[in-house]
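Worksheet: the structure to be examined is printed underneath.
What follows draws every value from the coordinates through simple rules; no lab data is involved. Since the model is a prediction, treat every value here as computed from it, not as a measurement. A quick note on method: Cβ atoms are made from the backbone with ideal geometry, for glycine too, and the neighbour counts reach across all protein chains shown.
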Amino acid sequence: MVADGLFDGALGVLLLTLATAVLHARQLYTSVVLLIAFGLLLALTWARLGAPDLALAEAAIGAGLTGALLLSALARCGEAPPGPSRAPPLRVLPATLLALLVGIVLLRALWPLAEGPVLLPALALGQLPAAGVDHPVTAVLLNYRAWDTLLELVVLMLALLGVRQLHSAKQVIPPPWPLLLAWTRMLAPLALLVGGYVLWRGAFAPGGAFQAGALLAAGAVILRLNHLLPPVRWDNGLVRLLVVLGLGVFLAVGVVGLVGPGLGFGPVGTAWLAYPPALAGPLILTIEAAATLSIATTLTLLVVGEPEELRA
Amino acid sequence: MSDWLHALSWPLLLGGAFFFVAGTVGLLRFPDVYARLHAVTKADTLGLGLVVLGLCLRADAWQPVLMMLLIWVLVMASGATACQLLARYAREDEQEAGADQPPGTRERRPPV
């Protein structure tokens, strides 16, 4: 008990220290490295809180891919010019007030969870036999609240489209070192294997499309950085197909469910994103597999995608 | 039998903890990049190896043992690769800054 308390206390103090250090580090590079460490400790914190799904997502996306994105942005833009290390007091005051307000709103939202009876887990577990998967978190994400996950995929695609508008600078990838090349040749197939396993595991244990997609993207990124993968371009039809595949499959399932009963496709769905219990399992696995490919391709494009030539 | 294994795991776990602490102290105290890398890779390889061996002696089944050994191999390989990359990067950086000076005599970097 004492050891657990000490560990959790140290974890909390470290998180706060790292967060402060990220904000006040002199160099952007130091901030990014500290942010990656912060993400890993946050993943550990989620694991300690009994939320392995969140821990996996935080480690793969929060620490891994966000870190890679920030580092590649830094490589394209360079260090910021040295400015005043402290914000002027006129800016500190509103920021503090805003942080206080947000803190109060969050506390008011969280307080009932600690006080009142917790209803949601029982509800989620009660409907599990009809959900098509055995893992409650996947059931929530892909069945009860499938609409939210669909919109998350839309957000990811909008982010990619937004970045495409910026006409980012050309990224120069240095020639690979032999040792890194050799290790990449072993690591990339492993990323593929683990990604597929995490996707498959999502049906009955922590795992799922976002974590699997992040792992696949990590494999693709290291392959690209070692010149083992040709440049990933938007004008490649396969790349575009993979980017919209997840959203397309998800929407198709929703639309068939919506209009299917009238057209004689009754068994495929009964309403917008409401799967019949008999087909829920295969439908969820299909959507997740397509979403994994889309997420992986989108993230790869975001990190190592080639900028396009402007056409006159 | 299991008591005996349990007792045997203690020195391994403590040895692993020692290498982790020593690696961290080295990372904080050593003067240049190469010495720091030397210190911190000992925690990755030997420290983690001893901890894994200690935990293997306490495992109930062979599957966790296999998984822990696999993790050790992966961490060791990625640690060795990362160490080479960092050392090479530091060396190229030094050669750009001033090729005449031997490594280690340049001004010290602030600890990250």
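Give me the number: length gained by fully extending A:Ala10 to A:Leu71, i.e. 0.36 nm times residue separation minus the C-alpha to C-alpha distance, one decimal in nm.
Details: separation 61, 0.36 × 61 = 21.96 nm, distance 2.80 nm.
Here the segment from A:Ala10 to A:Leu71 would lengthen by 19.2 nm.
Can you figure out the FRET efficiency of B:Leu74 with A:Val92, using R₀ = 56 Å and their beta-carbon distance, to the nearest 0.05?
Details: r = 45 Å, r/R0 = 0.80.
For B:Leu74 and A:Val92, the calculated efficiency is 0.80.
List, in order, the whole-Hz ³J(HN,Hα) value for each residue of segment B:18-33 obtained from phi through the Karplus relation with A = 6.51, B = -1.76, C = 1.60 and θ = phi - 60°; use x for Gly and Pro.
4, 5, 5, 5, 5, x, 5, 4, x, 4, 7, 9, 6, x, 10, 4
For segment A:136-150, take each phi angle, set θ = phi - 60°, evaluate the Karplus expression 6.51 cos²θ - 1.76 cosθ + 1.60, and give the result in whole Hz per residue in order, putting x for glycine and proline.
In residue order, the calculated couplings are x, 5, 5, 4, 5, 6, 9, 10, 4, 10, 4, 4, 4, 5, 4 Hz.
Other chains near B:76-82: what is the mean number of their Cβ atoms within 10 Å of each residue's Cβ? Please list the in-between numbers first.
Details: counts 0, 4, 3, 0, 2, 8, 2.
That average works out to 3.
Suppose a student asked you for the relative contact order of chain A, using Cα pairs under 8 Å spaced at least 6 residues apart; what percent would you report? List each step's numbers first, then the result.
Values: 357 pairs, mean separation 58.5, N = 312.
It comes to 19 percent, rounded to a whole number.
Please compute the length gained on full extension between A:Ala274 and A:Arg164, using 0.36 nm multiplied by the number of residues separating them and subtracting their Cα-Cα distance.
Numbers: separation 110, 0.36 × 110 = 39.60 nm, distance 3.40 nm.
Between A:Ala274 and A:Arg164, full extension yields 36.2 nm more.
Sort B:Lys42, A:Lys170 so the one with the fewest other Cβ atoms within 10 Å of its own Cβ comes first. Intermediate values should be presented prior to the final figure.
Working: B:Lys42 17, A:Lys170 8.
Going from sparsest to densest Cβ surroundings: A:Lys170, B:Lys42.
Quickly estimate the mean residue ellipticity at 222 nm for chain A, helices only: each DSSP H run with n ≥ 4 gives -39500 (n - 2.57), and the total goes over all residues, rounded to 500. Walk me through the numbers before you get to the answer.
Numbers: 12 runs with 216 residues, N = 312.
One gets -23500 deg cm²/dmol as the mean residue ellipticity at 222 nm.
Could you work out, residue by residue across B:83-90, how many beta carbons of other chains sit within 10 Å of that residue's beta carbon, and then give the average as an integer? Present the calculation step by step, with values, prior to reporting the outcome.
Values: counts 1, 5, 4, 0, 0, 3, 1, 0.
Partner Cβ neighbours, averaged per residue: 2.
Skipping prolines and chain starts, which residues have an amide H placed within reach, meaning under 5 Å, of the one on A:Leu229, given they are 5 or more residues away or on another chain?
Those qualifying (amide H under 5 Å, at least 5 residues apart or on another chain) are A:Arg224.
Output wanted: per-residue J couplings in Hz (rounded whole) for segment A:60-76, from phi through Karplus 6.51 cos²θ - 1.76 cosθ + 1.60, θ = phi - 60°, x for Gly and Pro.
These are the phi-based 3J(HN,Hα) values: 6, 9, x, 8, x, 6, 4, x, 5, 4, 5, 5, 5, 5, 5, 5, 7 Hz.
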